[in-house]
Amino acid sequence: MSEIWNKLREEAEIVATKERILSKILTEYVLERSSLADALSLRLSERLAKGSVPANDLNELLFSSFKDSPSILEHVKADLIAFQERDPACHDFISPFLYFKGFQALCAYRASHYLWNNNRQDIALYLQSLISIVYSVDIHPAATIGSGILLDHATGFVAGETTVIEDNVSILHEVTLGGTGKEGGDRHPKIRSGVLIGAGAKILGNVEVGHGARVGASSVVLSDVPPNVSVAGVPSRVLGEITGESTPSLQMNHTLNSMKEYEAGGGI
């Protein structure tokens, strides 16, 4: 049994003892489950059950996806750690597991991505539609997303079909990783590792946001962003290099480092 799963069960036992009203849900979704895959598939299926596909069928679909692709669970564990370490409002693993729409939407997307890559595109698209309805998060199942992702608040997040997000990226709500028209092919952003994307940012087209870059809130990015710089504005422009701090996605610092960085870009 993994360390993360053990910790999740310990936290569930503590909360169940303190909060009688929550004891039933914690027992059902965690304490009576045999594994993280079992617990996660049940939690997601109960949230996503809409329309004519019952929760039991969704549970079986999700569980088989998690069981048949162990790498999904490794990504899930890294995502849990990302939420616990980077979100100042999160101090445990049980909170994102039970309540956080960003974490749950990511987990469900990972199942849809597995199904898409295993020639089950129809059910993958159906799952995408449920995720969009329930969580207000719309990630195409063909998009590629690495591990250690913090999707904070998450409402309104959109990622198109050919989007690539590498490891250890932090993204706030209302971010769009979209195309610029109706052309096909490789047409969506490539977000490299360690990037921090502020709330409401729109990154459009087959552009690359380089390793360790920071995109300011409400910015519109239409061209490549070099590694290790801050960009902001509509359209965005480079404000300066990021110096003297750890990877932006881990630091979660959405402000400029100093006036020197501001002046390097000539102001806004």
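How high is the relative contact order of the chain, in percent, with contacts defined as C-alpha pairs under 8 Å that are six or more residues apart?
Values: 579 pairs, mean separation 26.0, N = 268.
Dividing the mean separation by the residue count of the chain yields 10 percent.
Summary of the geometry: the stretch 62-123 and the stretch 178-254, compared by the centres of their Cα atoms, lie 23 Å apart. Label zone (residue 251, point 7 Å along Cα-to-C-beta; backbone nitrogen cut-off 15 Å) within the stretch 205-224: 211-216.
The stretch 167-224: which GluC sites (Glu not before Pro) are DSSP loop and have at most 15 other beta-carbon atoms within 10 angstrom?
Numbers: sites: 174, 183, 208; in loops: 174, 183.
Loop-located and lightly packed - 183.
Sorting the Cα pairs of the stretch 1-141 by distance into bins of 5 Å, from 0 upward, gives 2, 10, 20, 24, 21, 13, 7, 2, 0, 0 percent per bin. Can you list the lysines whose alpha carbon is less than 16 Å from that of residue 67, not counting same-chain residues fewer than 8 positions off? In chain and number order, the partners are 77.
Over the alpha-carbon set of the chain, divide Rg by the Kirkwood Rh and report the Rg/Rh ratio to two decimals. Working shown, then result.
Working: Rg = 19.1 Å, Rh = 19.1 Å.
Radius of gyration over Kirkwood radius for the chain works out to 1.00.
Laboratory data are not the source of any read-out in this text; all were calculated from the coordinates shown. Note that the coordinates shown come from a computational prediction; the quantities given were computed from them, not determined experimentally. In this analysis, Cβ positions are derived from the backbone assuming ideal geometry, glycine residues included, and neighbour counts consider all displayed protein chains.
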